[in-house]
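Values quoted throughout were computed directly from the atomic coordinates according to the rules given, and no laboratory measurement underlies them. This one's a predicted model, so the numbers in the text were calculated from it and none came from an experiment. Please note: Cβ atoms are built from the backbone with ideal geometry, for glycine as well, and neighbour counts cover all protein chains shown.
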Amino acid sequence: MPDSGAQLVWSPVHRVLEQQIKIGNEIIFLVIPFIKVDALRQLHWVQTKNIRFKVICRWRPDDLLSGASDIEVFTYLKTAGCQLHVNNDIHMKLYVFESNTAFKTSAN
């Protein structure tokens, strides 16, 4: 993984995701309101196959201006051959795996 100079600290949720990926259950679809490029790089780098996952995020202008999401996500996903979709009403976090199982972390 390229070194961005920043150390990403994974929460226990991300360790669960990483464990699933490492056993071959790759993420194919992400629904998340906010997305940071360093977290996306780490998640994509862990994947063992070259899966081109899809991302749906909220990406409201104020999310980008406040730094809750990174505009660089668009370029990263385009370069990786992944798709980015926007839905301004998203709040939950949902990770869908190749095995057709899903992991939901919040949906207020």
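In this simple spin-label approximation, HIS91 and PHE103 carry label points 7 Å from Cα along the Cα→Cβ vector, and these lie 2.3 nm apart.
Positive-end ranking of CYS82, PRO61, LEU40 along the dipole of region 27-108, with charges on Cβ about the Cα centre, is headed by CYS82.
Label-to-label distance, SER66 versus LYS78, with points set 7 angstrom from Cα along the beta-carbon direction: 2.6 nm.
Normalised by 2.2 N^0.38 Å, where N is the number of residues, the alpha-carbon radius of gyration of region 35-108 equals 1.11.
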